[in-house]
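Engineer: Structure provided below as structure tokens; questions to follow.
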Amino acid sequence: MRMYSDKLQTDTVLKKSPFLVVNQIDNNEVRIYSKLHGNLSCFSPDINEVLKFFESPVAADEAVHKISKIYKCDSFGLIKELYDKRFLVEENKNGKDIFQEYVEKVRSKNKIPNITKVTFLTSAKCNLACKGCYHHFYDFKSNDMNNDFASQFVEGLFTYLKKREITTLLISFLGYEPLLNFKALRGIYENADRMSKKYNIDTSFKLFTNAFKLNRKIFNWIRHNKSKLGIMVSLDGIEEDNDKRRVDLTGQGTYDRVVENLKRILAADIKCRVITVLSKLNISNIEKFVDEMAAIGVKGITANIFCGHSEEERQLELTETEKFEALKRMEQATEKYDMEFDGEWKFAVVQMITGAYFSCPAGIKQLVLSADGTIYPCQRFAGTNMNFGSYHEDFWQTILDGQCEGYNRWTAALYDRVADRIKGDEADLAGWSCPFVPFIREQFISMNFDRVLNENLLDYYLTRPLNRILSNSPINY
């Protein structure tokens with residue numbers, strides 16, 4: 001019996017996947033992806049006729065024969081591609097079984113985390129008093145990070161990466177304001193840079209800062225290391241909007257001072273993006289904000305959706321309709337300047353159409369270390385009981401052995417209820433919510449509160465130029 005591929009045989013009976021999405025872009029292009037396996041692909045409109053052959057189950061060899069009569073193409077190669085990308089599936093597989101199989105495969109794959117991003121919460125102080133800061137909601141009592149302690153963590157990290165055959169790493173620095181503990185930040189950077197050369201692991205660095213204070217010493221260090229170090233500067237809109245929320249310790253606005261330092265960074269040709277939080281405070285002036293950032297040379301904006309911690313703060317949250325409209329408007333505004341645009345919301349969308357997963361990569365691909373040694377899946381959980389315990393000498397080996405109780409609880413919470421999404425008439429397959437959102441709502445962290453938003457974004461981005469869909473993202477998936 002002839003084999004078409006490792007899995008596909010001539011007598012294999014195939015049908016269209018129940019998760020197949022076909023979108024006619026124009027007279028020349030059709031885009032296809034699986035709501036389960038992703039694999040966004042572009043075809044000519046002829047693909048519509050090919051897929052009609054699989055409306056009802058048909059043997060692979062019979063389909064090859066039919067297609068070859070109509071089209072001058074490699075019929076076998078085309079069917080193999082459609083099958084390998086899971087656009088076609090075996091006749092006896094239904095949606096529920098395929099979904100369950102996929103979830104278990106992903107869960108098994110992530111039994112041992114593949115960490116490609118580590119964040120250090122280097123400072124326990126901040127020079128601003130922003131309204132709605134998530135550090136104010138939980139009793140996050142930490143200290144400034146000690147460089148000697150951080151070095152132990154880094155050395156274990158690179159040993160882990162080598163054993164897992166992971167070749168890339170992104171190290172991020174957060175605070176409160178990380179530059180207020182510049183000594184430790186610089187020490188971590190230098191040690192990790194040295195270890196990356198020793199273990200031949202491509203390591204880059206990202207600094208999240210409010211850029212409110214940037215003295216000459218720190219600025220010169222950033223400029224000296226700009227080949228590996230990128231900067232994320234926080235601004236929440238035009239001056240009027242930003243200064244409603246981002247204020248200094250005396251209650252004064254911060255926009256002017258931050259923008260002046262942002263200009264210095266950009267003038268030195270340092271890789272820099274602006275990170276903003278969308279809320280009712282700044283939704284009215286999105287286009288004006290993008291215009292202002294473009295005018296000073298900003299090449300990329302990361303926008304996340306404001307999530308209130310208290311009942312009062314939740315009044316600032318956008319409605320589902322407003323979220324989509326705000327992101328769509330910012331996408332169009334940034335496209336005008338060929339400016340990259342992404343955010344946490346986009347990770348779910350990109351994953352769904354390129355290689356779908358149903359949970360945030362927090363904890364699975366990234367870890368966060370606080371100064372007291374507690375390890376979190378994400379910085380938003382700092383100060384909560386959602387953690388992997390405290391760092392100890394055997395931590396990385398415990399992770400490698402699959403014996404980290406905190407990690408195992410985390411993945412169980414992420415995946416245990418994912419299988420429920422296939423139930424009902426409308427399967428909930430549209431990406432995921434940031435797990436912190438259901439967490440503060442006291443719900444299961446695998447719940448998808450953003451289903452409607454994700455579905456709208458999927459429909460919208462499927463029609464966008466590919467370079468707008470697949471722009472670079474802060475998190476490596």
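The values are calculated or read from the model by the stated rules, or taken from the named source; none is laboratory data. As the structure is a computational prediction, the values presented were derived from the model and not from experiment. Please note: Cβ atoms are built from the backbone with ideal geometry, for glycine as well, and neighbour counts cover all protein chains shown.
Engineer: Collect the residues in the stretch 257-276 that are free of Cβ contacts under 8 Å to residues at least 60 places away in the same chain and crowded, with 21+ Cβ neighbours inside 10 Å, keeping them in residue-number order. Steps first, answer last, please.
Structural biologist: The initial filter retains those residues of the stretch 257-276 that are free of Cβ contacts under 8 Å to residues at least 60 places away in the same chain, namely 257-272, 274, 276.
The answer is Val258, Leu262, Ile265, Cys272, Val274, Thr276.
Engineer: A further question on this structure: So if I check each of Lys85, Lys96, Lys35, Lys105, which one is within 24 Å of the chain's Cα centre (by Cα), of a type outside the set (A, V, I, L, M, F, W, C), within 30 Å of Phe358 (Cβ to Cβ) and exposed (fewer than 14 other Cβ atoms within 10 Å of the Cβ)?
Structural biologist: On the way: Lys85 fails: exposed (fewer than 14 other Cβ atoms within 10 Å of the Cβ); Lys96 fails: within 24 Å of the chain's Cα centre (by Cα); Lys35 fails: exposed (fewer than 14 other Cβ atoms within 10 Å of the Cβ).
Exactly one of Lys85, Lys96, Lys35, Lys105 is within 24 Å of the chain's Cα centre (by Cα), of a type outside the set (A, V, I, L, M, F, W, C), within 30 Å of Phe358 (Cβ to Cβ) and exposed (fewer than 14 other Cβ atoms within 10 Å of the Cβ), namely Lys105.
Engineer: Ser234 versus (1) of a type in the set (Gly, Ala, Ser); (2) over 22 Å from Gly132 (Cβ atoms); (3) surrounded by 17 or more Cβ atoms within 10 Å (Cβ to Cβ): which is the lone unmet condition?
Structural biologist: Ser234 satisfies all of (1) of a type in the set (Gly, Ala, Ser); (2) over 22 Å from Gly132 (Cβ atoms); (3) surrounded by 17 or more Cβ atoms within 10 Å (Cβ to Cβ) except (2).
Engineer: Still on this model: Regarding the stretch 303-325, can at least one residue be identified that is in contact (Cβ under 8 Å) with a residue 12 or more places away in the chain, hydrophobic (A, V, I, L, M, F, W, C) and touching a Cys at 6+ places or on another chain (Cβ under 8 Å)?
Structural biologist: yes
Engineer: Could you tell me whether any residue of the stretch 338-351 is surrounded by fewer than 22 Cβ atoms within 10 Å (Cβ to Cβ), farther than 26 Å from Arg451 by Cα and out of contact with any Lys or Arg (no Cβ under 8 Å at 6 or more places or on another chain)?
Structural biologist: Yes; the residues of the stretch 338-351 include at least one that is surrounded by fewer than 22 Cβ atoms within 10 Å (Cβ to Cβ), farther than 26 Å from Arg451 by Cα and out of contact with any Lys or Arg (no Cβ under 8 Å at 6 or more places or on another chain).
Engineer: Among the numbered conditions (1) free of Cβ contacts under 8 Å to residues at least 40 places away in the same chain; (2) over 18 Å from Ile305 (Cα atoms), tell me where Gln366 comes up short.
Structural biologist: (1)
Engineer: Return yes when Asp450 is touching an Asp or Glu at 6+ places or on another chain (Cβ under 9 Å), charged (D, E, K, R) and surrounded by 21 or more Cβ atoms within 10 Å (Cβ to Cβ) and no when it is not. Spell out the reasoning first.
Structural biologist: Working: touching an Asp or Glu at 6+ places or on another chain (Cβ under 9 Å): yes; charged (D, E, K, R): yes; surrounded by 21 or more Cβ atoms within 10 Å (Cβ to Cβ): yes.
Taking the combined requirement at face value, the residue satisfies it.
Engineer: Of all the residues that make up the stretch 215-240, how many are over 20 Å from Ile301 (Cβ atoms), touching a residue at least 24 places away in the same chain (Cβ under 8 Å) and in a loop (DSSP other than H, G, I, E, B)?
Structural biologist: Of the residues in the stretch 215-240, 2 are over 20 Å from Ile301 (Cβ atoms), touching a residue at least 24 places away in the same chain (Cβ under 8 Å) and in a loop (DSSP other than H, G, I, E, B).
Engineer: Please work out if Ser151 is more than 25 Å from Ala268 (Cβ to Cβ) and in contact with a strand residue (DSSP E or B) (Cβ under 9 Å, 6 or more places away or on another chain). Steps first, please.
Structural biologist: On the way: more than 25 Å from Ala268 (Cβ to Cβ): yes; in contact with a strand residue (DSSP E or B) (Cβ under 9 Å, 6 or more places away or on another chain): no.
No, not satisfied.
Here's the yes/no breakdown for (1) assigned to a helix (DSSP H, G or I); (2) touching a helix residue (DSSP H, G or I) at 6+ places or on another chain (Cβ under 8 Å); (3) under 17 Å from Leu128 (Cα atoms); (4) modelled with pLDDT of 95 or more:
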{"residue": "Phe140", "(1), (2), (3), (4)": "no, no, yes, no"}
{"residue": "Asp144", "(1), (2), (3), (4)": "no, yes, yes, no"}
{"residue": "Phe149", "(1), (2), (3), (4)": "yes, no, no, no"}
{"residue": "Val154", "(1), (2), (3), (4)": "yes, yes, no, yes"}
{"residue": "Tyr160", "(1), (2), (3), (4)": "yes, yes, no, yes"}
{"residue": "Leu169", "(1), (2), (3), (4)": "no, yes, no, yes"}
{"residue": "Tyr176", "(1), (2), (3), (4)": "no, yes, yes, no"}
{"residue": "Leu179", "(1), (2), (3), (4)": "yes, yes, yes, yes"}
{"residue": "Lys183", "(1), (2), (3), (4)": "yes, yes, no, yes"}
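Engineer: Still on this structure: Output the residues belonging to the stretch 389-435 that are small (Gly, Ala, Ser) and closer than 16 Å to Thr374 by Cβ.
Structural biologist: Step one: filter the stretch 389-435 for residues small (Gly, Ala, Ser), giving 389-390, 402, 406, 412-413, 419, 424, 427, 430-431, 433.
Those that are small (Gly, Ala, Ser) and closer than 16 Å to Thr374 by Cβ: Gly389, Ser390, Gly406.
Engineer: Checking the conditions here, which among Leu414, Leu367 is buried (at least 20 other Cβ atoms within 10 Å of the Cβ) and closer than 17 Å to Gly156 by Cβ? So that I can check it myself, show each step before the final result.
Structural biologist: Details: Leu414 fails: closer than 17 Å to Gly156 by Cβ.
Only one candidate qualifies: Leu367.
Engineer: Sticking with this one: Could you run through the stretch 237-256 and say how many residues are surrounded by 16 or more Cβ atoms within 10 Å (Cβ to Cβ) and among the small types (Gly, Ala, Ser)?
Structural biologist: 2
Engineer: Here's something else I'd like to know. Being in contact with a strand residue (DSSP E or B) (Cβ under 8 Å, 6 or more places away or on another chain) and either among the hydrophobic types (A, V, I, L, M, F, W, C) or under 30 Å from Glu405 (Cα atoms) (or both) is the filter here; which residues of the stretch 69-112 pass it?
Structural biologist: Ile79, Leu82, Phe87, Leu88, Val89, Ile98
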